[in-house]
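Written below as structure tokens is the structure these notes are about.
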Amino acid sequence: MATFLTVWSAHIDAPSHEEAAATALDDMRRPDSIATIFEVTNLADDVLVVVDVAEGDILKDNRGEDYEYE
């Protein structure tokens, strides 16, 4: 099993760090949220893949041309 760093980011205007984090969490949890794109890096080989979970799409893939998708 591999270990991955998954990152979702957003620019959020808020009066504090805590409120920005709370707003981000609310945004992600909304049923109609478009916050479904993640940068996923395999920590063993530093390979980055950008995945849209809602659409099931891979938006960026640094695994190389020989990688076969499952």
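Taken together, the values in this text are just the output of simple stated rules run on the coordinates, not laboratory data. Note that the structure is a prediction, hence the values are computed from the model and not measured. No Cβ is skipped: glycine too gets one built from the backbone with ideal geometry, and neighbour counts run over all protein chains shown.
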Toy charge model, Lys and Arg Cβ at +1, Asp and Glu Cβ at -1: the chain dipole around Cα centroid in debye, rounded to 20, equals 220
The ³J(HN,Hα) series, computed from each phi in the range 51-60 with the Karplus coefficients 6.51, -1.76 and 1.60 at θ = phi - 60°, rounded to the nearest Hz and given as x for glycine or proline, is 10, 9, 5, 5, 8, x, 9, 9, 8, 8
For the range 37-50, Karplus-derived ³J(HN,Hα) couplings (6.51, -1.76, 1.60; θ = phi - 60°; whole Hz; x for glycine and proline) come out as 9, 10, 8, 10, 10, 6, 6, 6, 10, 6, 7, 9, 10, 9
Note: the range 2-70 at 4 °C, 1.567 mPa s; Kirkwood Rh on alpha carbon pairs; Stokes-Einstein D in µm²/s works out to 94
Checking A14, A35, A24 against a Gaussian network model of the chain (alpha-carbon springs below 10 Å), the top fluctuating residue turns out to be A14
